[in-house]
Amino acid sequence: MADKATILVVDDTKQNIDILLGLLDGYDLLVALDGDSAIEIAQQEPIDLILLDIIMPGMDGIEVCKQLKSHEETKHIPVIFITAKTDEETIELAYDSGGLDFVTKPFKPKELLARIKTQLKLQALIKHLDNLSSFDQMTGIYNRRKFFELAEQQFAQAAENLCAMMIDIDKFKPINDNYGHPTGDRVIKAVAKTIKELLPQGAVVGRLGGEEFAVILTATWQEACQLIEKMRIDVAELALKSDDDCAINVTISGGLVKSNESYRSLDHLLKAADDALYEAKGTGRNKAVLRS
C-alpha cells in the first residue's frame, strides 16, 4: 500500500480547518494557524503539498509562499491557494509568489480534491524524472552528471579539509568475461553499496561509468585515509558468488587527494586523484595511493 501524501493546511479560521480535515481524510494532515508556524512546520516535516489561505493576520499567504520558495528545503513543495479573494490582482500575486493553483471559497469539494490529486501526480512525476536524471539506475548512487553538479558545489564552498577519491574495481573485465554481465552487475552493486554505507553525511559519491567511482567529502586527512583503507578492506571481504556458485574475489584500488590552493578547479582535483588511482593499479592493485 502506498504511503499517504502529507498535506499542510494553513488557515487561521477553525471552521475552515474543520471542513478541510473532514474532506481530506485520505491524506495525512498537518495544520498551521498562521504563516510563521506554517514555515516552521514545512522546514521540519516532509510535506507533499500545502493548502494556503491568503488572508491571515500577521504574515499573509502571499508572503508565506514567497518565503517558502526562497528556502532550499521548502521551495519544491507545491502550494494551492484557497481564498475568498477573486480579483485578478490577487490571483496574479498568488501565481507570482510561487503558487501552482488557486481555489476560491466557498470551494467545491470534488474540484478541490481533483486539483490536489493533479498536483500530487505532477510532483510524483517530477520526482521520478529527477531520479532518472540524477541517479545511476543500477547502483542507486549519483550518476556522472549529478555527481559533478554536487561536487562542484562542494568544491566552491569548502574552505578546507576537502578530499577527493577515485576508486576502481580491479580486473573487472575478467569477471564479466568469465562469469557474465549479470554477475558483473552484482559486483558493481555490491562495491557501490559498500562505499556508500561507509561515507559520512554530506559526502557525494557517484558512478562515473563502468566500474569507476568518485567521492568528494569534507574530512581530515587522517579520517579520509582511514576511510579509503576501510573501503578497500570491506570490499576484499565481500562474499560474492557467480550464477554457478563460484566464489568471486573482488578488490579495489583507490587514489586519495586533499585539496589545497594549488587545485584551482574540481577537474584539476579529480585528475590528481585519478593519477593516484592509476599509480595504485600500476603498482600492484588492491591498494590506495595517498597524496596530501
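The values are calculated or read from the model by the stated rules, or taken from the named source; none is laboratory data. Keep in mind it's a predicted model, so treat the numbers as computed, not measured. All Cβ positions, glycine included, derive from the backbone under ideal geometry; neighbour counts span all protein chains shown. Quick note on the areas: whole protein, heavy atoms, side chains included, nothing else; ligands and nucleic acids left out. Shrake-Rupley method; radii C 1.70, N 1.55, O 1.52, S 1.80 Å.
For the reader, a short list of remarks on this structure follows.
- Within region 147-167, tally of residues that are among the hydrophobic types (A, V, I, L, M, F, W, C) and part of a loop (DSSP other than H, G, I, E, B): 2
- As a summary of the residue check, Ile216 satisfies the conditions (1) within 17 Å of Gln154 (Cα to Cα); (2) surrounded by fewer than 14 Cβ atoms within 10 Å (Cβ to Cβ); (3) under 23 Å from the mean Cα position of the chain (by Cα) except for the one numbered (2).
- Filter pass, Asp3 being free of Cβ contacts under 8 Å to residues at least 40 places away in the same chain, part of a helix (DSSP H, G or I) and open to solvent by 60 Å² or more (accessible area, probe 1.4 Å): no
- In the condition set (1) assigned to a strand (DSSP E or B); (2) open to solvent by 10 Å² or more (accessible area, probe 1.4 Å), Lys230 is compliant with all but (1).
- Of the residues making up region 122-146, those that are outside any loop (DSSP other than H, G, I, E, B), β-branched (Val, Ile, Thr) and either open to solvent by less than 90 Å² (accessible area, probe 1.4 Å) or at pLDDT 95 or above (or both) number 0.
- Taking the listed residues Ala158, Ala151, the one that is under 21 Å from Glu211 (Cα atoms) and open to solvent by less than 40 Å² (accessible area, probe 1.4 Å) is Ala151, with no other qualifying.
- Residue within region 13-30 that is farther than 21 Å from Ala114 by Cα and surrounded by 15 or more Cβ atoms within 10 Å (Cβ to Cβ) present: no
- All conditions in (1) more than 24 Å from Leu122 (Cα to Cα); (2) of a type outside the set (Val, Ile, Thr); (3) not in a loop (DSSP other than H, G, I, E, B) hold for Met59, with the sole exception of (3).
- Close pairs (6 angstrom Cβ cut-off, 6 or more residues apart or separate chains): farther than 16 Å from Leu30 by Cβ in region 46-57, among the β-branched types (Val, Ile, Thr) and surrounded by fewer than 24 Cβ atoms within 10 Å (Cβ to Cβ) anywhere: Ile54/Thr83
- Restricting region 233-264 to residues that are within 25 Å of Ala151 (Cα to Cα) and part of a loop (DSSP other than H, G, I, E, B), the residue that is most open to solvent (accessible area, probe 1.4 Å) is Arg264.
Each row is one residue, and each column tells you yes or no for (1) among the aliphatic types (A, V, I, L, M); (2) farther than 23 Å from Gly22 by Cα; (3) exposed (fewer than 11 other Cβ atoms within 10 Å of the Cβ); (4) in contact (Cβ under 8 Å) with a residue 24 or more places away in the chain.
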{"residue": "His71", "(1), (2), (3), (4)": "no, yes, no, yes"}
{"residue": "Phe81", "(1), (2), (3), (4)": "no, no, no, yes"}
{"residue": "Ala84", "(1), (2), (3), (4)": "yes, no, no, yes"}
{"residue": "Thr90", "(1), (2), (3), (4)": "no, yes, no, yes"}
{"residue": "Asp101", "(1), (2), (3), (4)": "no, no, no, no"}
{"residue": "Thr104", "(1), (2), (3), (4)": "no, no, no, no"}
{"residue": "Leu113", "(1), (2), (3), (4)": "yes, no, no, yes"}
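- Within region 6-35, tally of residues that are assigned to a strand (DSSP E or B) and within 17 Å of Val103 (Cα to Cα): 4
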